[in-house]
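The values are calculated or read from the model by the stated rules, or taken from the named source; none is laboratory data. Predicted model, so just to flag it, every value in this text is computed and none were measured. Methodologically, a virtual Cβ is constructed for each residue, glycine included, from the backbone with ideal geometry; neighbour enumeration extends over all protein chains shown.
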Amino acid sequence: MNRLKSSVPKLAVLLALPAAVLAQIGDPPVQRNAEAFRAELDALIARQQYARVEQMVSQRVASGDDPAATYFQIGKVYFDHEEWQRSAAFLEKSLKSRGMNDEAHQLLGLDWRALHQPNDAESELLEAARENPSNGVNAYFAGHQLVLNGKFEAALPYLYRALDAKSLHSQALQALALAQARLGNYGLAESYYRKAIDSAQTSDDGHYSALVNLSILLLLGHDPARLEEGLSCAQRAEMLQPDSPDAHFLAGKALFKLGRLREAYPELARAAKLNPEDSKPHFLLARIYDQLGQHDRARKERKNIARFRGRPGQAGMATVDPVPVTPE
């Protein structure tokens, strides 16, 4: 399992949610002029006139508007503008006024996720799923957060429920694949990645991710047929993202394990050039040069490897992570 361990990258883009998902996060009714109020809030927040926003909210509550609905409205607008801390503050106030609001818990959980507070994110997203268990989006985000927090077994029931949410079916498949891979159930993981690849709903980025992750699993062993399939997946990923160091590394690794050393060299050299901070291509390049009798070049690659010793996440033959880490 150490080969599958990594630090879950790219959390900065966790909230690039599909429009179909955001469409399901609706506004609760406010007492009057809801659209005009939101439009004014949008304009003020875009100009960073936060004091005026706070004044407007206070005036509406003082005039008799429902505090929970008003705080939720402003919290959601701040969320849409990626003002995570301000959004979280108003969503918390909304929930204190009226605790039962699964949408508020969902948005608050995503705020905490963006603010790198995973335990708080987990608590809120689980509460959203508990309050509205029929909502597949709630189930997906709860399961996805449990995966990010390393609780793979606990994530499974939420992710299976999320498969019913058409807008997130592909993402749920990939999250399930990750969880099963981390639990050692590689056969199940492979089947879910294949389903994601075959799904018409999967975006190009989703196809790339699934192809890379399936390639990783296929290259764990030495069966020639699986290595050939892993190579095919890596090459398809290269077509989607030609400058991906991960795809080039996996293609090179597959060719190396198939004994096609001279074909592996350009793939690994390309991966090393695209990601100079990664030791893995240098490790395989050193082995290739040794087998080809080019010992001076092998020594040079080992010097490159020595630069990475002691760096976190650079030990051994760890590969890229077989996981979709971000809801698209």
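Okay, here's what the table says:
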read-out	value
Every residue from the range 52-82 that is in a helix (DSSP H, G or I) and either charged (D, E, K, R) or on the phi > 0 side of the Ramachandran plot (or both)	52, 54, 60, 76, 80
Tally of residues being buried (at least 23 other Cβ atoms within 10 Å of the Cβ), at pLDDT 95 or above and not aliphatic (A, V, I, L, M) across the range 245-280	6
Which listed residue, of 107, 125, 91, 146, is in a helix (DSSP H, G or I), buried (at least 22 other Cβ atoms within 10 Å of the Cβ) and out of contact with any Gly (no Cβ under 9 Å at 6 or more places or on another chain)	146
Neighbours by Cβ (under 8 Å, 6+ apart or cross-chain): first from the range 170-196, surrounded by 24 or more Cβ atoms within 10 Å (Cβ to Cβ); second among the basic types (Lys, Arg) and at pLDDT 95 or above	173/195
Among the residues listed as 140, 160, the single one being over 20 Å from residue 237 (Cα atoms), part of a helix (DSSP H, G or I), over 16 Å from the mean Cα position of the chain (by Cα) and of a type in the set (Phe, Trp, Tyr)	160
Residue list for the range 156-176, filter: more than 18 Å from residue 200 (Cα to Cα) and either in contact with a Pro (Cβ under 9 Å, 6 or more places away or on another chain) or charged (D, E, K, R) (or both)	161
The range 207-244, residues that are under 19 Å from residue 274 (Cα atoms), surrounded by fewer than 16 Cβ atoms within 10 Å (Cβ to Cβ) and not aliphatic (A, V, I, L, M)	242, 243
Flag for residue 298 being modelled with pLDDT of 95 or more and either assigned to a helix (DSSP H, G or I) or buried (at least 17 other Cβ atoms within 10 Å of the Cβ) (or both)	no
Residue within the range 66-81 that is of a type in the set (Ser, Thr, Tyr) and touching a Gly at 6+ places or on another chain (Cβ under 8 Å) present	no
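Listed here are the residues, each with its yes/no results for (1) over 30 Å from residue 53 (Cα atoms); (2) under 17 Å from the mean Cα position of the chain (by Cα); (3) among the aromatic types (Phe, Trp, Tyr).
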residue	(1), (2), (3)
90	no, no, yes
95	no, no, no
124	no, no, no
146	yes, yes, no
166	yes, no, no
186	yes, no, yes
